[in-house]
1. Going by the conditions given, is GLU235 modelled with pLDDT of 85 or more and in a helix (DSSP H, G or I)?
2. So, restricting to strands (runs of 3 or more DSSP E) that lie completely within region 78-187, which ones have at least 3 residues that are modelled with pLDDT under 90, in the same structural domain as SER214 (by TED's automatic domain parsing) and under 25 Å from VAL52 (Cα atoms)?
3. Quick one: would you say THR217 is at pLDDT 90 or above and either in a helix (DSSP H, G or I) or in the same structural domain as CYS53 (by TED's automatic domain parsing) (or both)?
Amino acid sequence: METMNTEEFNQKLKNSAGKAGKIALIAIIAAIALILLGGSFYTIREEEQAVVCTFGVPKAVTQPGLHFKIPVVQTVKKVNTTIQGFAIGYSNDVEQNYNGAEGADSGLMITSDYNFIQIDFYAEYRITDPVKALYNSQDPELILANLAQNCIRTTIGSYGVDAVLTTGKNEIQSNIKEMILTKLEKLDIGIQLVNIRIQDAEPPTTEVIDAFKSVETAKQGKETALNNANKYRNERLPEAEAEADKIVQDAEAEKEARINEAKGQVARFNEMYNEYVKYPTITKQRMFYETMEDVLPGLKVVIEGAGGNEIRQILPLDSLASPEDALNAVSEEDEEEN
């Protein structure tokens, strides 16, 4: 009886163990299913794009939101597509800095006139093709940084130090950007340069810095003097032009007046000549009398007596038109003699 109970117990024990194993297996399968199911979904944010790789074949997913992938078969890599940046030539605790193999001296460059200059740049870029950025190169950002270093040195080496420090910055930035874009297009690594600009440019030593500051001050003084001169010219030029116009107008008026006067004299002469042709004797006499009328009022005629005696007779000819004035003039002459 006891033997039967032991067999039954063992049988029940085996049945219980089988049920527990099945339950454990089901739990394991369920856990694996949950893990796989949980890893089958992924989310893409607005500033991201994803690359889904199926059996080694990548495909870009650009639509933001929740997406599904086949577990085990598909893998997902996310790429930031916003504008990012890095510094070239100086250290920055916040932004990534690419100094290349030269370390902290990557900003020290030489110009076309053999002057050393410390120049710092900041480059902005973004990923335009996530598939190419992930699979066409190992580190596209590092490639861009090294490419920018090369283009910067090539461009700076073709400009003089004055242009780099003062007037040529915009042109230098434009040439560097164009050169980088051309080379990136040939490399085709899915990254695009947005902008590159000069952060700072200065000579490497204090003495040279002071010298360039003096030059810059002199240039500013020159510009100020030129601006003041142009201002003075702009103020005085209209006045001078107005005065010149007035002189020309006065000269034209004088010219017209003299021409008209000459024409009048010619007309009077022609009229007198016509009268002379008709009546030469009368015209001569009239001209003689008219001339005497103009000349004699300003003269005094003294007639001495014969033999040089002291008795003199003064003919008052001051005014031929008034006999009373003539008599008064004779009286005054007699009083003076007495």
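1. Taking the combined requirement at face value, the residue satisfies it.
2. Hits in region 78-187: none.
3. So THR217 fails the test.
The values are calculated or read from the model by the stated rules, or taken from the named source; none is laboratory data. All values reported here derive from a predicted model rather than from experimental measurement.
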